[in-house]
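The values are calculated or read from the model by the stated rules, or taken from the named source; none is laboratory data. These numbers come from a predicted model, not from an experiment. With ideal geometry, Cβ positions are generated from the backbone for all residues, glycine too; neighbour counts draw on all protein chains shown. When the accessible area is computed, the model is the full protein with side chains, heavy atoms only, and any ligands, DNA or RNA have been set aside. Shrake-Rupley method; radii C 1.70, N 1.55, O 1.52, S 1.80 Å.
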There are 2 protein chains.
Amino acid sequence: MKKTIEEIEKDFLRYVNKISHYEEAINLMYWDLRTKAPAKSVEQRANSIATLSTELHKMCTSEVFEEMFTTLLSEEASGQISEITKKAALECRKDYDHFKKIPLDEYEEFVKLQSKAESVWEEAKEKGDFSLFQPYLEQLVEKTKIFIGYWGYEGNPYNTLLDLYEPGVTVDILDQVFAELRDGIIDLLKDIQHSSKKPDTSFLYHPFPKEKQEAFSLDILKQFGYDFRSGRLDETVHPFEITINPYDVRITTKYDEKDFRVAVFGTIHEGGHALYEQHISKDLMGTPLATGTSMGIHESQSLFHEIFIGRNRSFWEYHYDRFKKYSEGQFDHVSLDDFYRAINEVKPTLIRIEADEVTYPLHIIIRYEIEKGLFNDEIEVKDLPKIWNEKYKHYLGIEPDNDGVGVLQDVHWAGADFGYFPSYALGYMYAAQLKHAMLKEIPDFDKRLAKGDLKPIEDWLSENVHRFGKMKKPLEILQEATGEPLKAKYLINYLRDKYKEIYDLS
Amino acid sequence: MKKTIEEIEKDFLRYVNKISHYEEAINLMYWDLRTKAPAKSVEQRANSIATLSTELHKMCTSEVFEEMFTTLLSEEASGQISEITKKAALECRKDYDHFKKIPLDEYEEFVKLQSKAESVWEEAKEKGDFSLFQPYLEQLVEKTKIFIGYWGYEGNPYNTLLDLYEPGVTVDILDQVFAELRDGIIDLLKDIQHSSKKPDTSFLYHPFPKEKQEAFSLDILKQFGYDFRSGRLDETVHPFEITINPYDVRITTKYDEKDFRVAVFGTIHEGGHALYEQHISKDLMGTPLATGTSMGIHESQSLFHEIFIGRNRSFWEYHYDRFKKYSEGQFDHVSLDDFYRAINEVKPTLIRIEADEVTYPLHIIIRYEIEKGLFNDEIEVKDLPKIWNEKYKHYLGIEPDNDGVGVLQDVHWAGADFGYFPSYALGYMYAAQLKHAMLKEIPDFDKRLAKGDLKPIEDWLSENVHRFGKMKKPLEILQEATGEPLKAKYLINYLRDKYKEIYDLS
């Protein structure tokens, strides 16, 4: 007997719920591997993760599953299923197509290539020698181009890669906003570099006990409203946020006793990701919609907290006295103004992850321009070191003396994660635009920070961004929350206003 | 084309390896639930565990799996497969039969009954009212009797239940050793109670900071040779040991700042379990043989460490000075002798898990006698409180004033874990017999403890017990390690010798 649409909807929801249980197990195994797992257990753990991931993959690409979501997305089902089911089915179809359009043998070969490329990349980075990595990167780019052929594209082949991380964002959009952002920042950077008012940062590097850093980080997370009954903070080497289940959103941080900023700003950053996940509507639980809608929107939430709150003068007005008490006296003779200027020092660096908030987007734009060139056959892999170094010289005024601190610094390309980098700068622009919109409803934003009252800010983000999960696409969220499409000017204006004061610009 | 035995053996080993990966995920989820999981995540976590457990159950009871191990255990395969494969196949068949002999609907009904019974038991225990729990226990016993009918039995129906936890141990064996042990202990207890030399224990209950208890516990685990690169120690409410994978054997402990014994002896106990698991031959990895062979042998290893090492005078000769330094001065004026006598105080208690090492077996024997009676239709559930109280009066000289501290104190019966209790006392007797045998090869056992040199002791246990995993049955291990079948006298002699000195008995 043929099943009714109602029955198929139930089957489908049960099926995706089961998928979410496998994801929970796998995510917990990852979390454990990166925080608590004993050294010798790693290899065996990796095998177990591989087994469960393979099962998960089978579930997501099974014929029985395909039949369910295809029926639910057909004319026949239209109007009979819930909006959540419909969007969930669309997500499942997208994932399904992503895998199924690639012949299995080519996919498996690609996974092996990625894994090999990552280990070669590590060695090449260590030795600062791009030529070792070049043949692997060439193959990864070639294969990815072939995959784009399978997947298809609209307008520009690189759009298909962007769509993996930031659905709806295209080369046309990025070309425009990134050009404006790049020029705006380069102008500002020149002004800053001409300023004679340089912050003193020497006092930042004194010993600050780990337990005290942790206590302060916990205070801030509590102030943000991070729910410790639905999450926890642990230590790790490379900090991350991970959602084990919607009531278990964990963050990790790293402590450097000679530089408190690593833990404090790192925790705030990951905390921003976690608040997003914690505030997603529980109606979406057990579906693929119960997570952040894109890498860029996710990054907008971590950067909103790290930069627009954490590096704001008013935020420190509220916290500075307590913060001083946690330290071993290193700030006793440092005024709030000097402290604020020190944590906002602008200084071009070769390394993306060490960049300040002014120059950071330039690192991303360089990577975007290169990726776009590669996938439009305008740049060849063999020329990357040269092009990389020229762009750094041109945009940032500095040049790497070896590829290890240049073109080889990030792992992304070794993992074939082309299309990912733009999310970082998109997230930053989203955050600035959201802040601008928020100010209309919370004009006393700074005053509230100075009073330690973050509730209306978190409520605004929750209401306008967080709760939707994947029910809305990134640009839909931005448009509805701010009333405008993406614009670079809000970030440029923010940076100019802020650094005008810090560097006494005209 | 028909597969060769060699091919089937490979398929089988791949299959059980996959099973071990599911077990790894499930065990990690349990560990996390009991140590780190945030409060609100529990319900969703339980759902994920249920999903994976159901999949695991399907794998263990699938027809394709049954075909594999049946072929491997057939005449045809005889001599062609490895000994490990053969024993693994036997284990799989045993589990398979255990589930398959019970009709699925009866099994599902039973699981529901268990779950209901556990929540009713909690309430009944809280209220000290057996009558609430009685109808559920009656059903659990009735159903279990029906299951014994399905499973079959030899000699005595209760043997089938014993076999679930301690394969090879029967009512005939237990009747004999438990009677001897019971009488020996009751005699000793009377002598102790008549002694005028009572230890002073008042100094045990001073505040001892948690971090210091932890540091001392870690010292001891290191001394035992517990490998922290294959394990870790965490805090929990009800301490346990859990094997996530053979290179990841974790222990947990509980800290009571008013009684250091909870953490110190608890850690030693769980550490004993963990050493067993860490020393199992890695040749068995990925098969169902890579774990302890039975509950009793497992308990023998925890009790060997807790009692025969941890409560030994020589052990404290080595540790007492350092231990004093960790404390806040509470033992500054306590001699080693007084300390040793205090931690070995004998005092009958109503509660099994609070019992001293002399009276502990009596708690177990009471439970054994009752279970045996129930499954031989000699005792009815409704009479349990009366029988329980009489036995406590008779064996221990004390009587509960309500069922909460009497017949309702343990969770085991609510979970229908009939046949489990004897393992505790068996483990204790195994440990005493192993110690006796070990003394022939390590006659200076006490001197080595006094010097802090545990290596030969751990090596002996590893060589004679640990490494075999499930390759040998419990009584096989005991026989081969000690050259004798199970005897009660070694435990009785140990207790008499030890307490003669402590209580100055004639």
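Sort the range B:131-278 into rounded, prolate or oblate with this rule: let a ≥ b ≥ c be the square roots of the eigenvalues of the Cα gyration tensor; rounded if a/c is under 1.5, and if a/c is not under 1.5, prolate when a/b is larger than b/c, oblate otherwise.
Judged from the Cα gyration tensor, the range B:131-278 comes out oblate (a/c at least 1.5, b/c at or above a/b).
Taking R0 as 35 Å, what's the FRET efficiency between A:Glu154 and A:Glu484 from their Cβ-Cβ distance, rounded to 0.05? Intermediate results must be reported in sequence, preceding the final value.
Working: r = 24 Å, r/R0 = 0.68.
The calculated FRET efficiency here is 0.90.
So which DSSP H runs in chain B come out at 20 Å plus along the axis (Cα) with average Kyte-Doolittle of at least -0.5?
Working: long enough: B:5-35 (44 Å, -0.57); B:42-60 (26 Å, -0.23); B:83-100 (25 Å, -1.23); B:104-127 (35 Å, -1.19); B:130-151 (30 Å, 0.19); B:171-194 (34 Å, 0.26); B:210-224 (21 Å, -0.70); B:261-278 (24 Å, -0.08); B:360-375 (23 Å, 0.33); B:422-441 (29 Å, -0.12).
Answer set is B:42-60, B:130-151, B:171-194, B:261-278, B:360-375, B:422-441.
Send over a whole-number figure in Å² for the accessible area per residue of the range B:5-100, probe 1.4 Å. Please list the in-between numbers first.
Working: 4590 Å² over 96 residues.
Ligands and nucleic acids excluded, the result is 48 Å² per residue.
Grab the other residues whose beta carbon is less than 12 angstrom from that of B:Phe69, score K and R as +1, D and E as -1, and report the net. Intermediate results must be reported in sequence, preceding the final value.
On the way: positive: B:Lys86, B:Lys87, B:Arg93, B:Lys94; negative: B:Glu9, B:Asp11, B:Glu63, B:Glu66, B:Glu67, B:Glu91, B:Asp95, B:Asp97.
Its environment carries a net charge of -4.
Provide the buried accessible surface between chains A and B in square angstrom, both chains summed, 1.4 Å probe, rounded to the nearest 100. Numbers along the way, then the final one.
Details: alone 23240 and 23190 Å², together 43380 Å².
Answer for the A-B pair: about 3100 Å² buried.
Report the Cα centroid-to-centroid distance between the range A:148-185 and the range B:107-158 in angstrom, as an integer.
Cα centroid to Cα centroid, the span is 64 Å.
Taking the label point as lying 7 angstrom from Cα along the Cα-to-Cβ axis, what are the distances from A:Lys382 to the corresponding position in the remaining copies, in ascending order and in nanometres?
In nanometres, ordered from closest: 9.5.
Kindly provide log₁₀ I(q)/I(0) values, in the same order as q = 0.10, 0.11, 0.20, 0.25 Å⁻¹, from the Debye equation applied to equal alpha-carbon scatterers of the range B:5-100.
With one equal scatterer per Cα and no solvent, log10 I(q)/I(0) is -0.35, -0.41, -0.92, -1.23.
Evaluate the Debye formula for the range B:320-425 with equal point scatterers sitting on the alpha carbons, no solvent, and hand back log10 of I(q)/I(0) at q = 0.16, 0.18, 0.20 Å⁻¹, in q order, two decimals.
Here the Debye-derived log intensity ratios amount to -0.74, -0.86, -0.99.
Exactly which GluC sites (Glu not before Pro) in the range A:373-474 are in a DSSP loop and have at most 16 other Cβ atoms within 10 Å?
Details: sites: A:Glu378, A:Glu380, A:Glu390, A:Glu441, A:Glu458, A:Glu463; in loops: A:Glu378, A:Glu380.
Those that pass, being in a loop and sparsely packed, are A:Glu378, A:Glu380.
Compute the label-point distances linking A:Glu122 to its equivalents in the other copies; points lie 7 Å from Cα along Cα→Cβ; give nm, one decimal, shortest first.
4.6
Select from the range B:39-86 all residues whose loss of accessible area on going from the chain by itself to the full protein assembly reaches 20 Å² or more (probe 1.4 Å).
B:Ala39, B:Lys40, B:Ser41, B:Gln44, B:Arg45, B:Ser48, B:Thr51, B:Leu52, B:Glu55
Rounded to the nearest 0.05, what FRET efficiency is calculated for A:Glu63 and A:Leu218 with R0 set to 60 Å and r the Cβ-Cβ distance? Each step should come with its number before you reach the end.
On the way: r = 49 Å, r/R0 = 0.81.
That pair, A:Glu63 with A:Leu218, gives E of 0.80.
Once you average over the residues of B:239-247, how many Cβ atoms of partner chains fall within 10 Å of each Cβ?
Counting Cβ atoms of other protein chains within 10 Å of each residue's Cβ and averaging gives 3.
Determine the equivalent ellipsoid of the range B:254-389 by diagonalising the alpha-carbon gyration tensor, then write out the semi-axes as square roots of 5 times the eigenvalues, largest first, rounded to whole Å. Don't jump to the answer; show the numbers that get you there.
Numbers: eigenvalues 216, 131, 26 Å².
Largest first, the range B:254-389 gives 33, 26, 11 Å.
Name the residue farthest towards the positive end of the dipole of chain A from the options A:Ile457, A:Pro157, A:Leu396, assuming +1 on Cβ of Lys and Arg, -1 on Cβ of Asp and Glu, about the Cα centre.
Among A:Ile457, A:Pro157, A:Leu396, the one farthest towards the positive end of the dipole of chain A is A:Ile457.
What does the net charge come to around A:Val141 if you take all other residues with beta carbon closer than 13 Å to its beta carbon, with K and R at +1 and D and E at -1? List each step's numbers first, then the result.
Values: positive: A:Lys143, A:Lys145, A:Lys372, A:Lys382; negative: A:Glu138, A:Glu142, A:Glu371, A:Asp377, A:Glu378, A:Glu380, A:Asp383, A:Asp417.
Net local charge, A:Val141 excluded: -4.
Given R₀ = 60 Å, what would the calculated FRET efficiency be for A:Glu380 paired with B:Glu476, taking r from the Cβ atoms and rounding to 0.05?
Details: r = 69 Å, r/R0 = 1.15.
So, using R0 = 60 Å, E works out to roughly 0.30.
Would you mind working out the magnitude of the charge dipole of the range A:219-361 relative to its Cα centre, with +1 at each Lys and Arg C-beta and -1 at each Asp and Glu C-beta, to the nearest 20 Debye? Mind dumping the intermediate values first?
Details: 16 positive and 24 negative charges, 38 e Å.
Once rounded to the nearest 20, the dipole reads 180 debye.
Across the residues of B:17-26, average count of Cβ atoms on other protein chains within 10 Å? Mind showing how you got there, number by number?
Values: counts 3, 6, 1, 4, 11, 5, 1, 10, 11, 1.
Average neighbour count from other chains, rounded to a whole number: 5.
Return the calculated 222 nm mean residue ellipticity for the protein assembly as shown, to the nearest 500 deg cm²/dmol, obtained by summing -39500 (n - 2.57) across DSSP H runs with n ≥ 4 and dividing by the residue count.
Working: 40 runs with 613 residues, N = 1012.
About -20000 deg cm²/dmol.
What accessible area, in Å² to the nearest ten, does a 1.4 Å probe give for A:Tyr150?
Per-residue accessible area (A:Tyr150): approximately 90 Å².
Taking 7 Å along the Cα-to-C-beta vector as the label spot, tell me the A:Leu439-B:Ser119 distance in nanometres, rounded to one decimal.
It works out to 5.4 nm between the two label points.
Pulled fully out, how much extra length does the chain show between B:Lys127 and B:Arg14, if you take 0.36 nm times their separation in residues and subtract their Cα-Cα distance?
Details: separation 113, 0.36 × 113 = 40.68 nm, distance 5.04 nm.
Contour length minus Cα-Cα distance gives 35.6 nm.
Using a 7 Å offset from Cα along the direction of the beta-carbon, what are the separations from B:Tyr30 to the same position in each other copy, nm, ascending?
Copy-to-copy label distances at B:Tyr30, shortest first: 2.6 nm.
Using heavy-atom solvent-accessible surface (probe 1.4 Å) with all chains present, what is the largest-first order of A:Ile297, B:Ile186? If you can, show how the numbers build up before the last one.
Values: A:Ile297 5, B:Ile186 30 Å².
Largest accessible area first, the residues go B:Ile186, A:Ile297.
Could you check the simple spin-label distance between A:Leu164 and A:Leu104, using points 7 Å along Cα→Cβ, in nm with one decimal?
So the two model labels end up 2.2 nm from each other.
Of A:Ser53, A:Phe65, A:Ser41, which is farthest on the positive side of the dipole of the range A:5-100, counting Cα position, with +1 on Lys and Arg Cβ, -1 on Asp and Glu Cβ, and the Cα centre as origin?
It is A:Ser41.
How big is the dipole moment of the range B:5-100 about its Cα centre under a simple scheme where the beta carbon of each Lys and Arg is +1, that of each Asp and Glu is -1, and everything else is neutral? Debye, nearest 20, please.
Numbers: 13 positive and 18 negative charges, 142 e Å.
Approximately 680 debye in magnitude.
Looking at the axis that maps chain B onto chain A, which chain B residue has the closest Cβ, and how far off is it in Å, rounded to a whole number?
B:Ala25, 2
Placing unit charges on C-beta atoms (Lys and Arg positive, Asp and Glu negative, everything else neutral), compute the dipole magnitude of chain A about its Cα centre in debye, rounded to 20.
Numbers: 65 positive and 90 negative charges, 207 e Å.
My answer is approximately 1000 debye.
Does the range B:29-164 classify as rounded, prolate or oblate by the C-alpha gyration tensor (a ≥ b ≥ c root eigenvalues; a/c under 1.5 gives rounded; else a/b over b/c gives prolate, otherwise oblate)? Walk me through the intermediate numbers first.
On the way: a/c = 2.63, a/b = 1.45, b/c = 1.81.
Note, shape of the range B:29-164 comes out oblate.
Suppose each label sits 7 Å from its Cα in the direction of the beta carbon; what would the B:Gln193-A:Leu505 distance come out to in nanometres?
Result: 8.9 nm between the two label points.
Is there a simple number for the mean count of other chain Cβ atoms within 10 Å of the Cβ of residues in B:339-348, and what is it? Don't jump to the answer; show the numbers that get you there.
Details: counts 0, 0, 0, 0, 0, 0, 0, 0, 0, 0.
Taking the mean over all residues of the peptide, I get 0.
Largest first, what is the accessible-area ranking of B:Asp32, A:Asp259, A:Asp187 with a 1.4 Å probe? Please list the in-between numbers first.
Working: B:Asp32 0, A:Asp259 25, A:Asp187 85 Å².
Result of the area sort, largest leading: A:Asp187, A:Asp259, B:Asp32.
Applying a 10 Å radius around every beta-carbon, put A:50-56, B:159-165, A:100-106, A:269-275 in order of their mean neighbour count, most first.
A:269-275, B:159-165, A:50-56, A:100-106
Just need the relative contact order of chain A here, percent rounded to a whole number, with Cα pairs under 8 Å and 6+ apart.
Values: 674 pairs, mean separation 103.8, N = 506.
It rounds to 21 percent for chain A.
Round to a whole number: what % of the accessible area of the protein assembly as shown belongs to carbon and sulfur, probe 1.4 Å?
Numbers: 20980 of 43380 Å².
On the protein assembly as shown, the fraction of accessible area on carbon and sulfur atoms equals 48 percent.
Could you run the Debye sum over the Cα atoms of chain A, one equal point scatterer each and no solvent, and tell me log10 of I(q)/I(0) at q = 0.07 Å⁻¹, two decimals?
Log10 I(q)/I(0), no solvent term: -0.40.
Net charge near A:Ala450, counting Lys/Arg +1 and Asp/Glu -1 over other residues with Cβ under 15 Å of its Cβ? Don't jump to the answer; show the numbers that get you there.
Details: positive: A:Arg311, A:Arg313, A:Arg322, A:Lys447, A:Arg448, A:Lys451, A:Lys455; negative: A:Glu317, A:Asp321, A:Asp337, A:Asp444, A:Asp446, A:Asp453.
Here the charged neighbours net out to +1.
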